[in-house]
Amino acid sequence: MNSYEWILYAGIAVWSGLGLYLALLAHKQAGLSRRIKQLARLMEDER
Amino acid sequence: MLLQLRDIARFYGSRLVFKGVSLGVRRQSVTLLAGANGAGKSTLLKIMAGLIRPSAGDILMDDGKEAVSVGFLGHMTFLYPELSAMENLRFWAKLHRLALPLSSFEDMLERVDLSAFAGEKAKSFSRGMAQRLNLARVFLPRPALLLLDEPGTGLDTRSTAILHREIASAKADGAGIVWITHSLEDDIARADTVALLADRRLAFSGSVEDYKRRRGALPTSAIEARPDDVNTRMAGGGEPC
Amino acid sequence: MLKAALLIASKDLRLTMGRGSGLLQALLLGLLLIFVFSLSLTPGQRMSAQGAAAIFWMASAFCQVLIFSTLYGLEEINGQRQGLVLAPSPAQGVWLGKALAGLCLLVASQTLFLPATIVFLGQEISDLWRLGLAIVIIGDIGIVAIGSLLGALSQGQSARESLLSIVLFPLLAPLFLGGIRIGSAVFSGKLSEGADGWFGIALAFDAIFVASALALFPSVYNAEE
Amino acid sequence: MAGLYPLAPFLALAGGFLLAACQWLILVYAPTEATLGLPQKIFYLHLPLAWWGLFSFFLVFIASGAYLASRKRFWDVLAGAAAEIGLALAALALISGAIWAKTSWGLWWTWDARLTTTLVMCFIYAGYLVVRGMDMQPDRRARIAAVLGIVAFLDVPLVFFSARLWSYIHPPSISLEPEMKHTLVACIASFALLWLGLLLFRWRLAQDAINLEETTKERLMRRE
């Protein structure tokens with residue numbers, strides 16, 4: 001394992017970590033905005 | 001005015017307990033606070049004591065002059081099971097910075113008919129005895145504002161007489177008393193003003209005479225409050241009443 | 001505030017010293033930890049000075065978590081917390097009272113942990129013991145300062161001991177490092193670098209966390225369920 | 001903060017572009033360090049992560065203080081968002097730090113003061129997030145989290161100094177040639193945009209969660 005590969009692995013590890021975290025946030029965001037729209041529609045019918 | 005509530009509202013999580021509650025408590029007066037289970041009587045009392053913060057509105061103590069000494073008697077007895085009756089009483093008195101001779105503690109225990117149990121540990125007390133010790137704890141420091149949450153629970157007729165006598169003597173000393181009751185009709189004789197919590201609002205607030213005149217027009221849910229209605233409490237998801 | 005604190009501390013000590021509910025449990029946990037770690041030694045083998053010091057401080061920390069969980073638990077039995085919040089003295093009095101009671105109980109427990117460490121982990125005390133005594137006192141003050149603050153914070157929650165530990169232990173890292181380094185010097189008799197660096201950190205720790213506990217305690221300890 | 005939100009996609013794009021440029025800088029422009037050799041280049045990635053992780057925790061500290069002073073929900077939400085991002089960045093800094101330690105000293109973990117501090121910070125703020133995750137009354141939880149946010153940050157310098165006193169290994173202070181300094185500054189600066197984008201995104205998520213809660217509360221009140 002010469003040092004060049006280490007830099008590659010470090011890079012991969014960090015960027016995939018960040019990517020994973022972003023994907024998790026995007027997933028939660030989608031779920032939340034869907035539920036907010038649902039609620040807004042519900043309140044419209046009740047008005 | 002000893003205590004002034006202006007437009008008080010409170011949420012329990014995302015549920016509204018009450019809003020728009022404005023109420024004044026004068027010195028040397030007994031105010032009865034009534035309402036159905038879950039109307040928020042205890043919550044309002046805790047707000048008056050400063051134990052919890054209102055979600056909206058504000059509270060003024062003694063028109064803002066100096067701090068008012070508060071006596072609070074809640075559903076809980078504040079007793080340390082491993083301490084004796086006398087030790088419990090002395091601890092709470094010292095916490096309220098009362099330097100009283102032993103005799104005044106003995107007199108107080110005498111008045112609540114507990115002098116025979118002064119040395120007994122509180123954990124061996126019955127519900128009635130614990131409540132009487134709780135009464136002693138609240139009435140001993142002679143606070144200016146007395147907040148009592150269903151003080152009569154667990155008391156037999158003789159102990160209830162003790163409660164009424166203590167309330168009368170505290171009023172005579174000039175204390176302002178707010179008393180949550182489940183039996184409005186029986187206690188009304190000892191009160192000056194009445195406040196009714198119903199449908200998340202203050203349905204009525206005024207003198208006893210006004211109340212008697214307008215009793216017919218008031219929402220029935222407030223008046224026919226059944227004590228410890230277990231099924232409504234369960235249905236209500238155990239929120240505070 | 002001090003009178004209220006002393007009143008609360010004496011009441012708590014009387015209650016926990018009573019039928020050994022709180023103190024005994026915390027003491028047994030610490031002693032058990034030391035004993036279990038002694039099993040890691042082959043008979044006759046002695047643990048390294050640093051290992052023994054680490055175990056001594058770990059036993060103290062776990063014991064202290066139980067102490068504060070018990071001390072604050074006393075106020076939850078019949079809603080006494082509301083009574084304490086309603087008292088005329090400032091809320092910090094409760095923090096100081098619990099901290100003082102916790103300090104006494106912790107020092108009492110440590111007077112048993114030390115001989116247990118010496119016996120079970122095969123250590124002896126060198127002539128640097130004065131340093132050890134100083135770091136124990138200074139360290140304990142820091143531990144009870146944070147322990148009392150966080151003990152209040154975790155009341156009324158489920159599994160509050162574990163919550164208290166996972167939040168408290170990393171915060172105590174600076175004290176642990178200092179305590180272990182000075183402790184191993186006491187057991188081994190040699191100290192590589194000067195002790196003043198460690199005492200400087202420990203005293204700074206105490207000052208920072210006593211001050212922040214006094215400032216932050218009221219917003220943590222009130223009657224909101 | 002709400003006004004900034006539409007900026008998030010541009011920030012993320014700009015950040016991504018700048019960071020790509022930085023990769024080029026690191027690999028080509030910055031000379032290989034004499035003593036440590038090529039693996040030293042992980043440093044250009046490790047340092048911004050650690051720096052912006054620490055900055056996030058500083059933001060949690062400020063937001064916690066502001067919440068206790070003003071009791072505005074905004075600060076509590078910001079503290080929560082910053083703490084989560086800080087923990088993510090600090091964890092990544094730990095991973096890259098471990099890899100760097102492995103290449104330059106041959107062992108995964110060294111008692112290097114900075115690495116130890118980052119590790120202890122990860123534990124502290126993981127505990128902080130556990131407390132935030134518990135279901136209590138929102139304002140009680142916010143108050144407890146605020147106290148923790150303040151106490152946690154006050155502990156960081158103490159952890160750093162005690163770890164430095166503790167560890168025998170003092171990493172060789174590498175002298176940074178000018179090109180290295182430029183690369184380092186460029187990396188840290190470009191990471192700022194990514195950090196801000198991340199924070200906005202996470203803050204937005206937390207704000208939506210509250211909007212959902214508020215609208216349910218409003219719907220309940222209107223139907224009473």
Taking the condition of being in contact (Cβ under 8 Å) with a residue 24 or more places away in the chain and assigned to a helix (DSSP H, G or I), how many residues in the range B:85-110 meet it? 10
Test each condition in (1) under 26 Å from D:THR216 (Cα atoms); (2) at pLDDT below 90; (3) more than 12 Å from every other protein chain (Cβ to nearest Cβ); (4) surrounded by 18 or more Cβ atoms within 10 Å (Cβ to Cβ) for B:MET61 and report the one that comes out false. (1)
Looking only at the range D:118-145, count how many residues are facing chain C (nearest Cβ under 7 Å) and more than 27 Å from D:GLY97 (Cβ to Cβ). 5
Do you know which residues across the range D:45-66 are more than 10 Å from chain A (Cβ to nearest Cβ) and open to solvent by 10 Å² or more (accessible area, probe 1.4 Å)? D:LEU47, D:ALA50, D:TRP51, D:TRP52, D:LEU54, D:PHE55, D:PHE58, D:LEU59, D:PHE61, D:ILE62, D:GLY65, D:ALA66
Every residue in the range B:69-110 that is at the interface with chain C (Cβ under 10 Å from one of its Cβ atoms) and either acidic (Asp, Glu) or touching a Cys at 6+ places or on another chain (Cβ under 9 Å) (or both), please. B:GLU82, B:GLU87
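Check D:SER175, D:SER167 and return the single one that is modelled with pLDDT under 85, farther than 30 Å from B:ARG10 by Cα, within 11 Å of chain C (Cβ to nearest Cβ) and out of contact with any His (no Cβ under 8 Å at 6 or more places or on another chain). Working first, answer last.
On the way: D:SER175 fails: within 11 Å of chain C (Cβ to nearest Cβ).
Step by step, each of D:SER175, D:SER167 is checked, and only D:SER167 is modelled with pLDDT under 85, farther than 30 Å from B:ARG10 by Cα, within 11 Å of chain C (Cβ to nearest Cβ) and out of contact with any His (no Cβ under 8 Å at 6 or more places or on another chain).
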Within the range B:119-154, can you find the residues that are in a helix (DSSP H, G or I), in contact with a Ser or Thr (Cβ under 8 Å, 6 or more places away or on another chain) and among the aliphatic types (A, V, I, L, M)? B:ALA122, B:ALA130, B:LEU133
Can you find, within the range C:24-44, the residue that is farthest from C:LEU112 (Cα to Cα) among those that are surrounded by fewer than 15 Cβ atoms within 10 Å (Cβ to Cβ) and polar (S, T, N, Q)? C:THR42
May I ask you to say which residue of C:GLY132, C:GLY122, C:GLY156, C:GLY194 is away from chain D (no Cβ under 12 Å) and either free of Cβ contacts under 8 Å to residues at least 40 places away in the same chain or not in a helix (DSSP H, G or I) (or both)? C:GLY122
What number of residues within the range B:185-198 satisfy the criterion of being surrounded by 15 or more Cβ atoms within 10 Å (Cβ to Cβ) and over 14 Å from the mean Cα position of the chain (by Cα)? 7
Filter result for C:GLY51 (open to solvent by 30 Å² or more (accessible area, probe 1.4 Å), away from chain B (no Cβ under 14 Å), of a type in the set (Gly, Ala, Ser) and over 16 Å from the mean Cα position of the chain (by Cα)): no
All positions within the range D:25-44 that are at pLDDT below 75 and either open to solvent by 70 Å² or more (accessible area, probe 1.4 Å) or part of a helix (DSSP H, G or I) (or both): D:LEU25, D:ILE26, D:LEU27, D:VAL28, D:TYR29, D:THR32, D:ALA34, D:THR35, D:LEU38, D:PRO39, D:GLN40, D:LYS41
Go through B:LEU79, B:LEU32, B:LEU3, B:LEU16 for me and flag whichever is within 22 Å of C:VAL85 (Cβ to Cβ) and in contact with a strand residue (DSSP E or B) (Cβ under 8 Å, 6 or more places away or on another chain). B:LEU3
Facing chain D (nearest Cβ under 8 Å), touching a Gly at 6+ places or on another chain (Cβ under 9 Å) and in a helix (DSSP H, G or I), is that true of C:ILE201? yes
Would you mind stating whether C:GLN92 is facing chain B (nearest Cβ under 7 Å) and under 20 Å from C:ASN222 (Cα atoms)? no
Out of everything in the range C:190-225 that is polar (S, T, N, Q) and surrounded by 14 or more Cβ atoms within 10 Å (Cβ to Cβ), what residue ends up being nearest to D:VAL151 (Cα to Cα)? C:SER212
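For (1) in contact with a helix residue (DSSP H, G or I) (Cβ under 8 Å, 6 or more places away or on another chain); (2) closer than 27 Å to B:GLU82 by Cα, each residue gets a yes or a no:
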position	(1), (2)
B:GLU110	no, yes
B:ARG142	yes, yes
B:GLU150	no, yes
B:VAL178	yes, no
B:ASP186	no, no
Considering only residues that are out of contact with any Ser or Thr (no Cβ under 9 Å at 6 or more places or on another chain), over 16 Å from C:THR117 (Cβ atoms) and touching a residue at least 60 places away in the same chain (Cβ under 8 Å), which ones fall in the range C:13-37? C:LEU13
When the residues of the range B:82-112 are filtered to those that are among the polar types (S, T, N, Q) and over 19 Å from C:SER89 (Cβ atoms), which remaining residue is most open to solvent (accessible area, probe 1.4 Å)? B:SER103
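The values are calculated or read from the model by the stated rules, or taken from the named source; none is laboratory data. Quick caveat: nothing in here was measured; it's all calculated off a predicted structure. All Cβ positions, glycine included, derive from the backbone under ideal geometry; neighbour counts span all protein chains shown. Ligands, DNA and RNA are stripped out before the accessible areas are found, and what is left, the full protein with its side chains, is counted by its heavy atoms. Shrake-Rupley method; radii C 1.70, N 1.55, O 1.52, S 1.80 Å.
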